[in-house]
Amino acid sequence: MAESLPLEMLTYILSFLPLSDQKEASLVSRTWYCAAQNALREINVRYNIPVSSASLSAIKSLGLRGISCIGLINLDGSPASHQVLQSVAHYLGPHLQSLCLGGGSPTEASFVALILGCPALRILDLSGCNSLFTSGTLLAHPETAQSVQKALSGLRELNLAGLRDLSDPSFNQLSSCAPSLERLSLAYCHLSFEPGLARGFTGSQDYHPAKLSFCNLLRFVKERAGRLHALDLGGTGLPPETLKALGQVAGLQLQELSLHSCRDLSTEAVTTLCRQQPGLTSLDLSGCSELTDGALLAVSRGLRHLRCLCVGKLQRLTDAGCTALGGLRQLQSLDMAECCLVSGRELARALGPLHGVPLPLASLRLAYCSSLKDASVFSMIPVLGQSLRVLDLSSCVALTNQTLQAICTYLTHLSVLRLAWCKELCDWGLLGLREPSEEPTHMPQPRPELEHQDSGPKESSLQPRGPSLLVLQALQELDLTACSKLTDASLAKVLQFPQLRQLSLSLLPALTDLGLVAVARGCPSLERLALSHCGRLSDEGWAQAAGSWPRLQHLNLSSCSQLTEQTLDTIGQECKQLRVLDVAMCPSINVAAVRRFRDRLPEVTCVQSRFVGGADLTLTL
């Protein structure tokens with residue numbers, strides 16, 4: 001019946017499927033193939049192309065399909081790279097809108113030739129492409145610069161992160177060729193800061209032509225103030241006075257600003273910024289270790305339209321600062337990972353509904369908040385509402401089964417749940433059962449910790465306590481790494497998620513072949529699976545499980561001590577989509593076995609370790 005649908009309607013239907021499902025659907029028939037390709041093009045999927053002569057036919061095919069977003073991997077100055085760049089410019093260039101060369105080493109001549117063949121570019125990623133800027137002569141020739149400017153007239157986003165050799169002349173030459181730039185990343189570039197800036201003095205003696213100077217950047221921002229909306233200066237060591245100078249640029253109305261890992265920034269500087277740029281909708285202050293509760297207070301008062309806030313790794317942030325978050329009523333994403341003094345008590349109040357209207361929070365990250373306790377999480381979870389899709393409580397080591405039960409009760413629409421290193425979780429919590437020795441209590445009340453029974457729950461003692469993990473049927477990612485009390489007794493029963501794409505069960509010493517096979521049957525759509533340090537898994541288990549995972553792309557089996565070359569053979573036969581395999585520290589899998597596996601599946605990157613002279617040697621093949 002689907003064959004009779006118009007191509008446009010079939011394309012629309014397939015656009016709702018995850019990427020992996022669209023790829024599978026494209027194999028049904030020629031009509032479905034065309035519809036899937038149309039759907040992929042509409043959601044702007046980026047195709048990463050390895051730089052080799054073997055990719056030339058694929059580039060031609062992508063060009064015929066009108067693909068507009070690509071990344072080139074392992075680009076260098078070799079003849080093969082030059083040939084690939086020529087092919088990209090010829091077949092993809094006319095309609096290419098997004099191009100990523102991140103980490104590559106193209107020559108200046110090949111880069112210019114590529115850009116001239118891509119007149120429709122909107123996004124250009126040159127992060128880590130240091131070879132282009134080492135000489136300082138990129139686009140120095142006026143005629144070349146003029147031609148490149150014509151090609152980049154529509155460029156909206158430029159990523160120059162991690163360029164150690166970026167200088168004022170190189171930056172000026174490149175940025176002048178992109179007159180329509182709206183988004184700029186200079187994260188982890190080597191910026192120089194002039195001592196006279198705080199006094200408003202930017203004379204010629206402050207100019208450092210061999211480096212990218214803040215004075216030169218400030219000049220650029222002043223020239224583009226009316227158009228520039230997003231700026232990433234993370235990891236540049238931005239001093240407080242320079243942030244003030246940036247924020248007060250006339251006509252500048254930033255919407256997104258990233259200052260992550262700028263460790264010298266002060267609370268006063270952030271307070272001033274919030275007054276100067278009240279239109280910010282996204283702000284990243286993670287790793288700005290000098291900031292205190294006052295910074296959050298300033299953000300709450302000055303940035304009423306903020307939708308995304310990252311304040312992770314703020315070691316001086318306390319519950320008092322969390323109180324201020326209640327003023328951010330449009331907040332959709334909050335990252336407070338590694339804020340060790342935050343217990344969650346005031347955060348629960350701040351996230352609660354105001355006048356009956358809850359926050360539209362979709363993502364909450366509280367990983368490594370070691371002060372979090374069950375009681376505060378209980379009060380927080382019910383107020384998060386049905387909008388929350390991502391919850392990260394990794395390494396919140398004091399949380400117990402009661403927190404998991406609250407999650408299963410109130411957050412049934414979660415797509416991502418991370419509970420790694422929550423070592424107090426056990427089988428009873430995943431199954432939604434009360435342990436035999438546990439007295440009935442109301443969920444918000446703490447209970448004494450009980451020892452896990454290795455044999456798992458006994459049928460005669462099953463007592464309902466709440467919903468099991470099975471109710472979270474929208475899950476696409478689940479991380480139970482190092483939840484060491486979990487056994488097959490619960491994992492085999494609750495890990496039944498047809499939509500699950502990513503799963504980590506690493507460091508579960510009680511996981512056996514029985515659990516592995518049950519998980520394989522219950523989660524057939526897995527693309528990423530981590531099972532490192534699961535020492536009870538064997539070749540026999542993989543012989544039964546591998547056939548259930550045809551979509552597996554990333555697999556970590558490091559330190560699985562019982563696995564041998566037989567498991568490699570099984571994986572090679574069943575998991576044809578595999579791209580990365582980690583078998584480091586598997587004593588029965590040697591380099592020769594890995595090389596034979598690579599010969600059968602050359603597109604797979606394998607990581608394997610062996611001991612040489614008492615030291616561990618890791619090989620990437």
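Tabulated values for the structure
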{"quantity": "Flag if L372 is in a loop (DSSP other than H, G, I, E, B), touching a Gly at 6+ places or on another chain (Cβ under 6 Å) and buried (at least 20 other Cβ atoms within 10 Å of the Cβ)", "calculated": "yes"}
{"quantity": "Residue count, the stretch 298-307 (criterion: surrounded by 20 or more Cβ atoms within 10 Å (Cβ to Cβ) and outside any loop (DSSP other than H, G, I, E, B))", "calculated": "3"}
{"quantity": "Residues satisfying the stated conditions in the stretch 309-340, i.e. in a loop (DSSP other than H, G, I, E, B) and out of contact with any Gly (no Cβ under 9 Å at 6 or more places or on another chain)", "calculated": "Q315, R316, L317, T318, L328, R329, Q330, L331, Q332, C340"}
{"quantity": "Verdict on L601 being open to solvent by less than 60 Å² (accessible area, probe 1.4 Å) and at pLDDT 95 or above", "calculated": "no"}
{"quantity": "Helices (runs of 4 or more DSSP H) lying entirely in the stretch 2-113 (those with 1 or more residues that are among the aromatic types (F, W, Y))", "calculated": "7-14, 30-42"}
{"quantity": "Residues satisfying the stated conditions in the stretch 72-110, i.e. open to solvent by less than 10 Å² (accessible area, probe 1.4 Å) and either of a type in the set (D, E, K, R) or free of Cβ contacts under 8 Å to residues at least 24 places away in the same chain (or both)", "calculated": "none"}
{"quantity": "Residue that is farthest from H90 (Cα to Cα), among those in the stretch 26-74 that are at pLDDT 85 or above and among the basic types (K, R)", "calculated": "R46"}
{"quantity": "All positions within the stretch 150-175 that are buried (at least 16 other Cβ atoms within 10 Å of the Cβ) and part of a helix (DSSP H, G or I)", "calculated": "A151, D168, P169, S170, F171, Q173, L174, S175"}
{"quantity": "Complete set of residues in the stretch 121-144 that are of a type in the set (D, E) and either open to solvent by less than 60 Å² (accessible area, probe 1.4 Å) or closer than 23 Å to C100 by Cβ (or both)", "calculated": "D125"}
{"quantity": "Residues that are in a loop (DSSP other than H, G, I, E, B), of a type in the set (S, T, N, Q) and under 17 Å from L495 (Cα atoms), drawn from the stretch 525-549", "calculated": "S525"}
{"quantity": "One residue from R521, R536 being under 19 Å from Q577 (Cβ atoms) and open to solvent by 10 Å² or more (accessible area, probe 1.4 Å)", "calculated": "R521"}
{"quantity": "Single residue of S153, S175 found to be in contact (Cβ under 8 Å) with a residue 12 or more places away in the chain and touching a Ser or Thr at 6+ places or on another chain (Cβ under 8 Å)", "calculated": "S153"}
{"quantity": "Residue within the stretch 512-520 that is in a loop (DSSP other than H, G, I, E, B) and over 24 Å from the mean Cα position of the chain (by Cα) present", "calculated": "yes"}
{"quantity": "Number of the condition not met by A406 [criteria: (1) out of contact with any Cys (no Cβ under 7 Å at 6 or more places or on another chain); (2) among the small types (G, A, S); (3) at positive phi; (4) open to solvent by less than 10 Å² (accessible area, probe 1.4 Å)]", "calculated": "(3)"}
{"quantity": "Residue count for the stretch 308-347, restricted to those that are open to solvent by less than 10 Å² (accessible area, probe 1.4 Å) and either at positive phi or not β-branched (V, I, T) (or both)", "calculated": "14"}
{"quantity": "Candidates R501, R447, filtered to the one that is modelled with pLDDT under 95, open to solvent by less than 40 Å² (accessible area, probe 1.4 Å) and not β-branched (V, I, T)", "calculated": "R447"}
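The values are calculated or read from the model by the stated rules, or taken from the named source; none is laboratory data. Owing to the predicted nature of the structure, the values given are computational and were not obtained by experimental measurement. Methodologically, a virtual Cβ is constructed for each residue, glycine included, from the backbone with ideal geometry; neighbour enumeration extends over all protein chains shown. These area figures cover heavy atoms from the full protein model, side chains too; ligands, DNA and RNA do not enter into them. Shrake-Rupley method; radii C 1.70, N 1.55, O 1.52, S 1.80 Å.
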